[in-house]
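First up is the structure itself, then whatever we jot down about it.
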Amino acid sequence: MHRSPRSSRRGFLGTGVLLLALAGGNATAQVKEIPIGFVLPLSGGAATIGNQTKLGAEVAAEQINAAGGIKALGGARLKLVFADSQSKPDVGVAETERLIQRENVTLIVGAYNSAVTFPATEVAERYKVPWLVTGAVKDEITERGFKYVFRPNNKAIYDAREQIDALDLLKKETGKGPKSIGLFYEGTDWGRSHAANVKKLAKERGYAISLDESYPPNQTDLSAQLLKVRSTKPDALIVVAYTPDHILFTRQLAESRVYVPYGIHSVGGGSEDPNFYKAVSPKAVENMFVQDDFQVDIMRAAKDPAMIAADAKFKAALGYGINSYGAQGVSNVYIVKDALERAASIDRAKVRDALAATDISSGPALITGYQRIKFDAQGQNTFAHGVISQNQNGERRTIWPASNRVAGVTPVWPLPAPGAR
């Protein structure tokens, strides 16, 4: 676990490095270090995810600095300043204020949790500090007419659409598929936003919603909710959960032997976290579907030196290869580099304008698997997309889109009943 050391949370104005006292001021002075703020859950229920993003960002910054830094600013080095949101909105807002007021960061990246990102970006917008979203999918984050907020990753409607598209594809390929969908989701902004989008899309495509069940995060027992799953008998079950709750749900579902014929369909979160797979039995996740922001099975064919190096760093530091959260951390920092090179300034307004003009179609910023990063008028990357994988024999295998399937991969559909496994 790579937690933010106390020293990394202090300012840099007393180090002798020549910085502008305020990043929004005159940008003509020589710049040697550029402070980039990160608001991430480095402790609490989403800590494993926040720390994976942090490591990815650190790997990218190390690569950029080793290659000569920001050349348009005379080789200025990136200095990452981390703040721990603890997955709490009030803490995330306070840390955003601190990064802006005390650390004088040029821009901020964060904050994974939608419930933190939504209010924290309001603070950044008020101070006119550019904010690059990482991980958070709540639709409204980029639907408020803000000028300083940019999101390279999916928003919630994209995630939901991908899950329903995968159901439709498998039904078309096999002639078999669910008629009803159950919804089991954590009750904060992320879960509610995803559930609302699934319900909208399900109605449009003719699926019935047989279960609509939310729960407060950080549960110790989900038996009551699992009884509702058993009694409503959904043909497919969509799950929205952070790592600790997903571990609990998966263990208790396996113990209950509830049969969902067209599978558990998890929308990222805990099911993208390698620590989740360490904590549950392989049998408990066999054939589970995962909406993923990173195609794990393309790493075998990876040729990009930055991707290969990042993967090696992850294996050395954490014992497993890079995943979607680490990839987002890498991508975020390379997007920042691209904007700073074009802005040739740490003036926040100029950096904001450079982000708005982003159009990346090659290089390490696309480690996440996107073909392009280009923001619309609301700051959303409309080229963002994920993939749907299925856990098969201990490996994550991409099954949607069909064009992304690795040779030899065949979806298991419908799932065998528990006694037949």
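The values are calculated or read from the model by the stated rules, or taken from the named source; none is laboratory data. Bear in mind that the values here come from a model prediction, so they are computed numbers and not experimental data. Cβ coordinates were reconstructed from backbone atoms using ideal geometry, including for glycine residues, and neighbour counts include every protein chain displayed. All accessible areas refer to the heavy atoms of the entire protein, side chains included, with ligands and DNA or RNA removed. Shrake-Rupley method; radii C 1.70, N 1.55, O 1.52, S 1.80 Å.
Within segment 336-350, track down each residue that is assigned to a helix (DSSP H, G or I) and either open to solvent by 10 Å² or more (accessible area, probe 1.4 Å) or out of contact with any Leu (no Cβ under 6 Å at 6 or more places or on another chain) (or both).
Of all residues in segment 336-350, those assigned to a helix (DSSP H, G or I) come to 336-343, 348-350.
Hits for segment 336-350 are VAL336, LYS337, ASP338, LEU340, GLU341, ARG342, ALA343, ARG348, ALA349, LYS350.
With (1) open to solvent by 50 Å² or more (accessible area, probe 1.4 Å); (2) in a strand (DSSP E or B) as the list, and GLY408 as the residue in question, which single condition is left unmet?
Only one criterion in (1) open to solvent by 50 Å² or more (accessible area, probe 1.4 Å); (2) in a strand (DSSP E or B) is unmet by GLY408, namely (2).
Is segment 286-294 home to any residue that is in a helix (DSSP H, G or I), touching a residue at least 40 places away in the same chain (Cβ under 8 Å) and either open to solvent by less than 50 Å² (accessible area, probe 1.4 Å) or among the polar types (S, T, N, Q) (or both)? Walk me through how you get there before you give the answer.
Applying the first criterion (in a helix (DSSP H, G or I)) to segment 286-294 yields none.
Among the residues of segment 286-294, not one is in a helix (DSSP H, G or I), touching a residue at least 40 places away in the same chain (Cβ under 8 Å) and either open to solvent by less than 50 Å² (accessible area, probe 1.4 Å) or among the polar types (S, T, N, Q) (or both), which makes the answer no.
Would you please list the contacts, defined by Cβ atoms under 7 Å and residues six or more apart or on different chains, that run from a residue in segment 331-351 that is outside the structural domain of PRO305 (by the TED database) to a residue that is open to solvent by 20 Å² or more (accessible area, probe 1.4 Å) and assigned to a helix (DSSP H, G or I)?
Pairs found: none.
Residues LYS54, LYS71, LYS88: which one is open to solvent by less than 30 Å² (accessible area, probe 1.4 Å) and either over 28 Å from ALA344 (Cβ atoms) or assigned by the TED database to the domain that holds VAL351 (or both)?
Numbers: LYS71 fails: open to solvent by less than 30 Å² (accessible area, probe 1.4 Å); LYS88 fails: open to solvent by less than 30 Å² (accessible area, probe 1.4 Å).
Unique residue meeting the criteria: LYS54.
Just to check your reading of the model, which residue among LEU201, LEU248, LEU237, LEU211 is outside the structural domain of SER114 (by the TED database) and either buried (at least 20 other Cβ atoms within 10 Å of the Cβ) or among the β-branched types (Val, Ile, Thr) (or both)?
So the residue among LEU201, LEU248, LEU237, LEU211 that is outside the structural domain of SER114 (by the TED database) and either buried (at least 20 other Cβ atoms within 10 Å of the Cβ) or among the β-branched types (Val, Ile, Thr) (or both) is LEU237.
With the requirement that a residue be over 14 Å from TYR148 (Cα atoms) and assigned to a helix (DSSP H, G or I), what does segment 97-125 give you?
GLU97, ARG98, LEU99, GLN101, SER114, ALA115, VAL116
If you check VAL330, VAL296, VAL285, VAL336, which single one turns out to be aliphatic (A, V, I, L, M), within 20 Å of the chain's Cα centre (by Cα) and more than 28 Å from VAL129 (Cα to Cα)?
When all the criteria are applied, what remains is VAL296.
Quick one: count up the residues across segment 290-329 that are modelled with pLDDT of 95 or more and touching a Pro at 6+ places or on another chain (Cβ under 9 Å).
So the answer is 1.
Please verify whether TRP413 is of a type outside the set (A, V, I, L, M), out of contact with any strand residue (DSSP E or B) (no Cβ under 7 Å at 6 or more places or on another chain) and either buried (at least 24 other Cβ atoms within 10 Å of the Cβ) or not assigned by the TED database to the domain that holds PHE146 (or both), treating the condition exactly as stated.
In short, yes.
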